[in-house]
Amino acid sequence: MKTFAYMVLLGLLILEAVFAAPTKNEETSKKFRQIQLLPDDHFEESDYMNQDASDSYDYEGELNIDEPLLEIGRLTPSGNSVLVTYDSDYEEELIPHEPLDPGAPSVPGLLGPDAKEGLPTCLLCTCLSGSVYCDDTDIENIPPLPKDTTHFYARFNKLTNIKKGDFAGLNHLKRIDVTGNMISSIDEDALRQLPELVDLMVASNDLEQLPELPNTMINIDASYNKLHSNGIKKEAFKDMNNLVSLYLAGNVLNFVPLPLPEGLRSINLQNNNVQQIDDDTFCNSKDIHYVRKALELIRLDGNPINLSKTPHAYVCLPQVPHGNY
Ligand SMILES: *[C@@H]1O[C@H](CO)[C@@H](O)[C@H](O)[C@H]1NC(C)=O
């Protein structure tokens, strides 16, 4: 009798392990979710580190054999209820990689222009009302994009550069997200003429310099690249009146890129090589009444600088920077 009970328990454990094993789609979903849930204002470098090593993402924690009975109670009746619950929160945001129905009547332009592989871009990727999702598709080049593209996602691919013509004429393009590729160069002319570009996400690549960007930018994330101070143009961000967040963590920058636009809310410079700031980096030594009220977050931790040495550099700020004191 006791043996029988053990066998039943063993059977249940195996069942649990089978259902808990991540499928290919689920793995993709998890990567998506990691990104989607990144809070805009509180960037943590560890998130990007994890994304960078997308292959080595650790799924062990999902396979929790210690508490199988509770889970199985929910699993048994419908078979897959637990897995469905797992992703349901975010199903609306995640666009699954399902090819369009091949039997559907062909509408000109619906599938977008043909990519190099001969496959229409919107079969290779997923296109949905202006958004083109090419995450995890192993692409090495930016595919030709439909003229009405507003949001382009190509995270975790094998892109190595962005060329002048890649986004040419995409006058409604607002967001480019190529996080987690191997991009080492972006042509100087590739982005500056995009009239509506507001978000550029190029974190976890190999960039040594940033190209010229349009002044419409709101969010720039170039964390975890190889940016050195000469790779950022003089006064690069000065006229970006709408710029809210500037993420440059995990590079090799020697100084804070100045001047910072007045509306900037957060600048992330942790884990760089900043060695000095002075009374005019954030504030204005000539105007003691000046207040930089928007700048709520300054990350300077992980830099070889002792912020105690410049006590007057923060008098105009709502918060002192994070860093060594
Ligand atoms: C920074 O400098 C101050 C004053 O010179 C000193 O008291 C403090 O220990 C230093 N902090 C660090 C983390 O080196």
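The values are calculated or read from the model by the stated rules, or taken from the named source; none is laboratory data. Please read these numbers as outputs of a predicted model, since none were measured by experiment. Quick reminder, even Gly has a Cβ in these numbers, built from the backbone with ideal geometry, and neighbours come from all protein chains shown. Each accessible area value is taken on the protein alone, full model and side chains, heavy atoms only, with ligands, DNA and RNA left out. Shrake-Rupley method; radii C 1.70, N 1.55, O 1.52, S 1.80 Å.
Tabulated data for the structure shown
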| read-out | value |
| --- | --- |
| Residue count, segment 267-291 (criterion: in contact with an Asp or Glu (Cβ under 7 Å, 6 or more places away or on another chain) and either within 16 Å of the ligand (Cβ to nearest atom) or at pLDDT 95 or above (or both)) | 2 |
| Scan of segment 292-325 for residues that are surrounded by fewer than 17 Cβ atoms within 10 Å (Cβ to Cβ), among the small types (G, A, S) and away from the ligand (no atom under 12 Å from the Cβ), ordered by number | A294 |
| Where I218 falls short, out of the listed (1) touching a residue at least 24 places away in the same chain (Cβ under 8 Å); (2) β-branched (V, I, T); (3) within 16 Å of the ligand (Cβ to nearest atom) | (3) |
| Number of the condition not met by R192 [criteria: (1) of a type outside the set (A, V, I, L, M); (2) open to solvent by less than 20 Å² (accessible area, probe 1.4 Å); (3) more than 19 Å from T179 (Cβ to Cβ)] | (2) |
| Whichever residue in segment 181-211 is of a type in the set (D, E) and not in a strand (DSSP E or B) and, among such residues, is nearest to D136 (Cα to Cα) | D206 |
| Count - residues of segment 127-170 that are out of contact with any Gly (no Cβ under 8 Å at 6 or more places or on another chain), of a type in the set (S, T, Y) and crowded, with 20+ Cβ neighbours inside 10 Å | 2 |
| Among residues of segment 259-282, those that are outside any loop (DSSP other than H, G, I, E, B) and of a type in the set (A, V, I, L, M, F, W, C), counted | 1 |
| Qualifying positions in segment 269-299 - among the polar types (S, T, N, Q) and under 18 Å from K233 (Cα atoms) | N272, N273, T281 |
| Only listed residue being among the charged types (D, E, K, R), under 23 Å from Q276 (Cα atoms) and touching a strand residue (DSSP E or B) at 6+ places or on another chain (Cβ under 9 Å), chosen from E208, E235 | E208 |
| Within segment 228-262, tally of residues that are closer than 23 Å to K174 by Cβ and among the acidic types (D, E) | 2 |
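Residues checked against (1) buried (at least 23 other Cβ atoms within 10 Å of the Cβ); (2) assigned to a loop (DSSP other than H, G, I, E, B):
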{"site": "L213", "(1), (2)": "no, yes"}
{"site": "T216", "(1), (2)": "no, yes"}
{"site": "N230", "(1), (2)": "no, no"}
{"site": "L243", "(1), (2)": "yes, yes"}
{"site": "G250", "(1), (2)": "yes, yes"}
{"site": "P257", "(1), (2)": "no, yes"}
